[in-house]
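The values are calculated or read from the model by the stated rules, or taken from the named source; none is laboratory data. The model shown is predicted, which means the values in this text are computed figures rather than measured ones. Heads up, the Cβs are rebuilt from the backbone with ideal geometry, glycines too, and the neighbour counts pull from every protein chain shown. When the accessible area is computed, the model is the full protein with side chains, heavy atoms only, and any ligands, DNA or RNA have been set aside. Shrake-Rupley method; radii C 1.70, N 1.55, O 1.52, S 1.80 Å.
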Amino acid sequence: MAEYSVFSLLRNAFSGNRDWKPAWRKPDPKPSYDVIVIGGGGHGLSTAYYLAKEHGITNVAVLEKGYLGSGNVGRNTTAVRSNYLLPENIHLYEHSMKMWENLSHDLNYNVMFSQRGVLNLAHTPAQLDDYARRGNAIIHSGADSVLMTPAEIEWLMPGIDASGSARFPIIGGLMQWRAGTARHDAVAWGYARGADRRGVDILENCEVTGFIKDGDRVVGVTTTRGEIRANKVAVAVAGSTGHVMNMAGIDKLPIESHVLQAFVSESLKPFLDTVVTFGMGHFYVGQSDKGGLIYGGDLDGYNSYAQRGNLPIVEEVNSEMLALFPSLARVRVLRSWGGVCDMSMDGSPIITTGPLPGMYLNCGWCYGGFKATPASGWCFAYTIAKDEPHPINAPFTLDRFHRGAIIDDKGQGSTPRLH
Amino acid sequence: MLITCPYCGPRDVSEYSYQGDGNRTRPDPASTDQEAWNAYVYDRLNPRGEHHEIWQHSGGCRAHLKVTRNTLTHVISSVGFARDAGHRKSDGHRKTGAEA
């Protein structure tokens with residue numbers, strides 16, 4: 001087992017870096033497993049990792065249709081935070097935050113978790129009141145939150161337009177200092193390596209083409225690499241949830257798939273050492289260690305399974321950035337891309353047993369799934385291993401919509417494109 | 001993405017507002033069938049492929065349109081007036097042209 005340490009780094013440096021072993025194996029599928037996890041993204045890989053680590057279930061396969069990290073885990077804007085209003089959400093995301101704080105040690109893999117703070121800007125007194133209320137709820141539930149004044153914000157980020165003549169003057173903000181960013185690819189690779197070391201088979205280029213059923217019970221899947229049977233089949237496929245569940249005969253879910261675009265600018269010198277969100281639109285930006293500004297905004301706004309977006313949102317997001325940082329007007333956009341988000345009807349996720357016997361479902365993360373990667377996998381592994389939810393994910397059922405027990409942090413109602 | 005409005009011709013998507021899934025049927029307003037209302041409010045087909053949806057040409061003639069669009073390729077195969085497809089907010093309270 002090639003542990004990563006300063007000694008292994010030195011040893012490999014002196015041998016010309018020719019002796020590094022691949023971080024995970026490329027096994028052939030076995031005919032059957034105890035658990036199959038469909039989806040080799042962050043949540044699927046962390047589920048497999050915690051199944052092996054916490055519950056001793058190592059006869060597990062993770063099925064990924066493309067290459068590892070080709071979906072949303074490699075497409076997000078890397079922010080990690082737990083500043084939610086409702087207790088169900090805070091408990092889930094704060095559990096995740098605590099796991100992030102020890103994740104690099106746990107995985108022996110540097111996920112570059114950086115608690116650089118996430119600041120939500122307020123531009124109206126009503127918005128600031130609302131932030132104060134949310135901040136109090138956050139503190140009450142055990143996470144951290146603090147209101148900042150315009151002077152503090154201007155000191156923190158000199159590039160921001162904090163003048164009273166800005167189109168939307170900044171009158172304060174809500175900061176979570178323990179929030180921050182993580183290297184998204186490293187999270188996928190770290191979990192993959194950790195799961196692989198514990199015996200989990202990671203099967204790339206293995207697309208699920210159908211489900212094998214015995215009566216109502218799901219007993220396996222057919223894939224592009226043959227038939228694979230399992231006692232338990234777990235689905236963690238984010239934006240493809242509707243498509244995959246349709247193959248299992250579930251034609252309707254409280255989910256719509258929408259495309260979200262993200263952008264990276266050319267590399268700049270250190271300019272912004274926190275993540276900041278605009279309060280008069282939907283815009284968030286942080287700066288990577290490499291210097292590029294990583295930013296994004298709203299969904300394109302219509303159902304989409306295409307991993308690319310349209311131009312009106314490109315214009316809108318960039319104009320919002322310039323409203324906050326006029327000095328960036330001549331900075332060039334390096335890349336933009338789209339990811340497919342599983343938008344749920346109340347903006348909160350679903351981590352549950354079912355809906356069919358032998359099946360487990362993890363979906364509905366909207367565009368906030370990355371920050372939840374550790375807790376999502378941890379809770380989902382518990383649910384799969386014990387056949388019942390952990391108290392943290394017990395509220396996040398599939399039937400909560402029909403029972404009237406929705407968890408709508410934003411109070412937006414069942415219009416998923418607005419969450 | 002261009003949507004061809006039956007009145008105005010091909011126009012940019014930014015002129016339109018998305019009104020959502022056009023596969024849903026609103027139950028009779030007098031209905032007290034809770035499951036039917038739950039299904040109407042929360043359950044979606046969410047297909048990867050052809051999708052029936054309602055758009056409004058809000059930056060143009062303001063007509064509500066029923067559009068069939070492929071959610072994977074964005075190819076639009078048909079556009080018609082939503083009223084012709086029977087999409088009304090409430091069929092129970094529809095007025096004919098003469099009454100209105």
Which ones in segment B:36-53 are within 8 Å of chain A (Cβ to nearest Cβ) and assigned to a helix (DSSP H, G or I)?
B:Asn38, B:Ala39, B:Val41, B:Tyr42
What do you reckon, is A:Thr58 closer than 30 Å to A:Arg229 by Cα and outside any helix (DSSP H, G or I)?
yes
Has segment A:388-402 got at least one residue that is within 14 Å of chain B (Cβ to nearest Cβ) and either touching a His at 6+ places or on another chain (Cβ under 8 Å) or among the polar types (S, T, N, Q) (or both)?
yes
Considering A:Ser319, A:Ser348, which residue is more than 12 Å from every other protein chain (Cβ to nearest Cβ), part of a helix (DSSP H, G or I) and out of contact with any strand residue (DSSP E or B) (no Cβ under 6 Å at 6 or more places or on another chain)?
A:Ser319
Residues of segment A:403-419 classified as within 14 Å of chain B (Cβ to nearest Cβ) and assigned to a loop (DSSP other than H, G, I, E, B), total:
10
Taking segment A:118-165 and keeping only residues that are more than 19 Å from A:Tyr284 (Cα to Cα), among the β-branched types (Val, Ile, Thr) and open to solvent by less than 50 Å² (accessible area, probe 1.4 Å), one is left with A:Ile138
Selected residue (only one of A:Ile250, A:Ile255 is within 13 Å of chain B (Cβ to nearest Cβ) and open to solvent by less than 10 Å² (accessible area, probe 1.4 Å))
A:Ile255
Report whether or not A:Tyr49 is surrounded by fewer than 17 Cβ atoms within 10 Å (Cβ to Cβ) and under 22 Å from the mean Cα position of the chain (by Cα).
no
From A:Arg330, A:Arg308, A:Arg335, grab the single residue that is open to solvent by 20 Å² or more (accessible area, probe 1.4 Å) and within 10 Å of chain B (Cβ to nearest Cβ).
A:Arg308
Just one of A:Thr223, A:Thr209 is open to solvent by 10 Å² or more (accessible area, probe 1.4 Å), of a type in the set (Ser, Thr, Tyr), in contact (Cβ under 8 Å) with a residue 40 or more places away in the chain and outside the structural domain of A:Pro270 (by TED's automatic domain parsing); which is it?
A:Thr223
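Yes/no per residue for (1) within 10 Å of another protein chain (Cβ to nearest Cβ); (2) in contact with a strand residue (DSSP E or B) (Cβ under 6 Å, 6 or more places away or on another chain); (3) modelled with pLDDT under 95:
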| position | (1), (2), (3) |
| --- | --- |
| B:Asp21 | yes, yes, yes |
| B:Arg26 | no, no, yes |
| B:Gln34 | yes, no, yes |
| B:Trp55 | yes, yes, no |
| B:Ser58 | no, yes, no |
| B:Leu65 | no, yes, no |
| B:Ile76 | no, yes, no |
| B:Asp91 | no, no, yes |
| B:Gly97 | no, no, yes |
Has segment A:169-191 got any residue that is free of Cβ contacts under 8 Å to residues at least 40 places away in the same chain and surrounded by fewer than 21 Cβ atoms within 10 Å (Cβ to Cβ)?
no
